[in-house]
Amino acid sequence: MNTVQINSEPDLLFRVSQGDEAAFAHLFHTYQNRLGAFVMQLTGSKPMAEEIVQEIFIRIWEKRDKLSQVEHFHPYLYAVARNYCLSFLKKLGRELARKQAWEISVVATHDQEDDTVIKDYRRIIDQAISELPAQRQKVYLLSRDEGLRQAEIAERMAISLETVKKHMVLALRSIRSYAMAHPEINLLMLILTTPFRI
């Protein structure tokens, strides 16, 4: 990774706003752990906090042009994180209600119908995975099927750890988006059972 010489925080934010990936990596590493601890306090879940932190930084990168207008990044980042977490937890609550309703309906069906639901679940998730770009699909399957941690995946595929993390977040986002189009899919179950190893 290239060494980034930072003159000031405004300089760093300006460089990120101009698409400087090395500056963005420096920004991420500077705030990753502190933000993770903050999000962990809000969610009470380490795996969820890790995913949320990466989602937040992906959003910051996607809207990096706004950073040139930010005077102090720390309060800006925490405001973004707080709003994202509140929205995420509200959504999770709605999904939990749907999960409970779905489970009640499944319990009321016969064993054969249960098997059909499970097969449909697997079929749709497998279809979502098959539509991922090749490298992203490989990263996801190495985690899910072989149980590899992100560092092990990076070594196996000869790519950076940051690239692995990015692929995992985008894979999860794509799969959840695909699953949301199918009411029979339990999205909360997908969130909780999808492997996301460090």
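The values are calculated or read from the model by the stated rules, or taken from the named source; none is laboratory data. Because the structure is predicted, anything quoted here is derived from the model rather than measured. Using ideal geometry, Cβ is built from the backbone for each residue, glycine included, and neighbour counts are taken over all protein chains shown. These accessible areas exclude ligands, DNA and RNA; they are computed on the full protein's heavy atoms, side chains included. Shrake-Rupley method; radii C 1.70, N 1.55, O 1.52, S 1.80 Å.
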*Of the residues 97, 79, 101, which single one is at pLDDT 80 or above and either among the hydrophobic types (A, V, I, L, M, F, W, C) or surrounded by 12 or more Cβ atoms within 10 Å (Cβ to Cβ) (or both)?*
79
*Looking at (1) aliphatic (A, V, I, L, M); (2) modelled with pLDDT of 85 or more; (3) under 14 Å from the mean Cα position of the chain (by Cα), can you tell me which one residue 49 breaks?*
(2)
*open to solvent by 60 Å² or more (accessible area, probe 1.4 Å) and farther than 23 Å from residue 180 by Cβ: does that describe residue 71?*
yes
*residue 54 versus (1) over 18 Å from the mean Cα position of the chain (by Cα); (2) open to solvent by less than 80 Å² (accessible area, probe 1.4 Å); (3) touching a residue at least 24 places away in the same chain (Cβ under 8 Å): which is the lone unmet condition?*
(1)
*List every residue pair whose Cβ atoms sit under 9 Å apart, with the two residues 6 or more apart in sequence or on different chains, where the first one lies in the range 136-149 and is among the aromatic types (Phe, Trp, Tyr) and the second, anywhere, is outside any loop (DSSP other than H, G, I, E, B) and open to solvent by less than 50 Å² (accessible area, probe 1.4 Å).*
140/129; 140/167; 140/168; 140/171; 140/172; 140/175
